[in-house]
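A.B. asks: Would you mind keeping the following structure in view while I ask a few things?
The values are calculated or read from the model by the stated rules, or taken from the named source; none is laboratory data. Remember, it's a predicted structure, so these values are computed and weren't measured experimentally. Cβ placement follows ideal geometry from the backbone for every residue including glycine, while neighbour counts extend to all protein chains displayed. Keep in mind that these areas ignore ligands, DNA and RNA; they rest on the heavy atoms of the full protein, side chains included. Shrake-Rupley method; radii C 1.70, N 1.55, O 1.52, S 1.80 Å.
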Amino acid sequence: MAEKTLLNTRELAKFLNINEKMVYTLIAEKGLPATKATGKWLFPRHLVEQWLETQTINFPKNPDPLPPYHGLLIIAGSNDILLDRTISLINRLHPEEMVAFGNMGSLGGIRALRRNHCHIASSHLVQKDGQEYNFGFAKDELGQRPGIINFCRREQGLLVEKGNPRGIGCVADLNGADITIINRPLGTGTRLLLDKELAKAEIEGNGIDGYTKEVSRHLDVGLEILSGRAHAGPCIRAVAELLNLDFVPIKWESFDLLILKEHFFEKGVQQFLAFLSEPPFRELGEGLAGYDLHFSGKMLFPKEP
C-alpha cells in the first residue's frame, strides 16, 4: 500500500507516538507543519519528517577534524549563481590557492559543517516567523550558533515562461490543471520557501503536476522551463534575466555563510570574507539581477557592535 502523503490528527499522533492533545501543542509552540485545507488539521508527511530532523539535538561530535588550512577552502550548501561566479573569480585571481564548492542544499551544508566536511556552509533557510534566516536551523543542527556572515540578499520567486502565457501570479496558481512545475530538492531553502507558501495557500504539493521532479541548481530550473518540459518552478530572479524568462517575485531573502568558531580565523576563511568587500566582487553582483550587496560581508551573529 502506498504511504499516505497527508495525515489526519489521529494518524499523526500514532506516527509520533503521542496523544492527540499534544499534537495541538506542537502546532502552537513548536511549529509543527500543519494545514486546515478541509476545515480539519492535516499534516503533510514529508514536512513532518523534515520538521523532526530539525528538532534533533545532541548530535555526536565528529572525531576527525578538518586538517589545518593548506590552500584549499571548502564551502558546502546552497547553490547560488553569484557564489559560483565568486568562487571561479577567486580561483582565477589566486591560482596558488583554491576554493571548492559542494552543492548539497542549505540543510546539507549545515550538516556537512557539523561533520567537519567543510569550512563554510552557505544557507538561506527561512525561520518560522518568515523573517529571520538560518539562526534556529544552525543551533538545532550544530548544538551552537556559528558565526553567520551575510553573503548577499537575493530575490526568490517563481520562474515562468517568457510572456507568462499561463497567467501565473502567485504560488496558488501552480495548482492549475494545465501547469507542470519543476522543483528543488528537500533540504534546500528554495524548496522550504515553496512548501511554506503552498501551506499558506492550503495546497497539497503532491497534487501539483511535476512537484516531485527535482533538479539540483537554480539554472537547471530555468533550462527545464526554457525547453518546454515545465511551465514554472521556484527560482531566483537572476536566472530569469540570464535566460530571458519571466519572474513572479515572492520575497527577498538573506543568503548567509555559516562558520564554526574553530575555523573562523583560518587564513582561507578570512581571505574569502575579505573578498566580499573588494571591487571585483561588487562588480559581479552588480552585473546580475535580483541581488542586493548592501550587507555583504556583514557579521549577523555574533552581532557587530
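A.B. asks: List the helices (runs of 4 or more DSSP H) that sit entirely inside the stretch 209-305 and contain at least 3 residues that are open to solvent by less than 60 Å² (accessible area, probe 1.4 Å), in contact (Cβ under 8 Å) with a residue 40 or more places away in the chain and basic (Lys, Arg).
C.D. replies: Working: elements: 218-227, 237-243, 267-275, 279-286.
It comes to none.
A.B. asks: Follow-up question, since we're still on this one. From the list Ile149, Ile203, Ile181, Ile168, which one is out of contact with any Pro (no Cβ under 9 Å at 6 or more places or on another chain) and closer than 30 Å to Ile87 by Cβ? Walk me through it before giving the result.
C.D. replies: Numbers: Ile203 fails: closer than 30 Å to Ile87 by Cβ; Ile181 fails: out of contact with any Pro (no Cβ under 9 Å at 6 or more places or on another chain); Ile168 fails: closer than 30 Å to Ile87 by Cβ.
Only one candidate passes the filter, namely Ile149.
Every residue, every condition in (1) within 30 Å of Glu278 (Cβ to Cβ); (2) open to solvent by 10 Å² or more (accessible area, probe 1.4 Å); (3) modelled with pLDDT under 95; (4) not in a loop (DSSP other than H, G, I, E, B), yes or no:
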| position | (1), (2), (3), (4) |
| --- | --- |
| Ala100 | yes, yes, no, yes |
| Asn116 | yes, yes, yes, no |
| Phe137 | yes, yes, yes, yes |
| Glu141 | no, no, yes, yes |
| Glu155 | yes, yes, no, yes |
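A.B. asks: I'd like the full set of residues that are free of Cβ contacts under 8 Å to residues at least 60 places away in the same chain and among the hydroxyl-bearing types (Ser, Thr, Tyr), limited to the stretch 154-189.
C.D. replies: Answer for the stretch 154-189, where residues must be free of Cβ contacts under 8 Å to residues at least 60 places away in the same chain and among the hydroxyl-bearing types (Ser, Thr, Tyr): just Thr180.
A.B. asks: Only one residue in Leu16, Leu12, Leu7, Leu47 is surrounded by 11 or more Cβ atoms within 10 Å (Cβ to Cβ), under 21 Å from Arg191 (Cβ atoms) and more than 24 Å from the chain's Cα centre (by Cα), so which one is that?
C.D. replies: Leu7
A.B. asks: Do you know which residues across the stretch 14-27 are closer than 22 Å to Asp195 by Cβ and in contact with a helix residue (DSSP H, G or I) (Cβ under 6 Å, 6 or more places away or on another chain)?
C.D. replies: Passing the criteria: only Val23.
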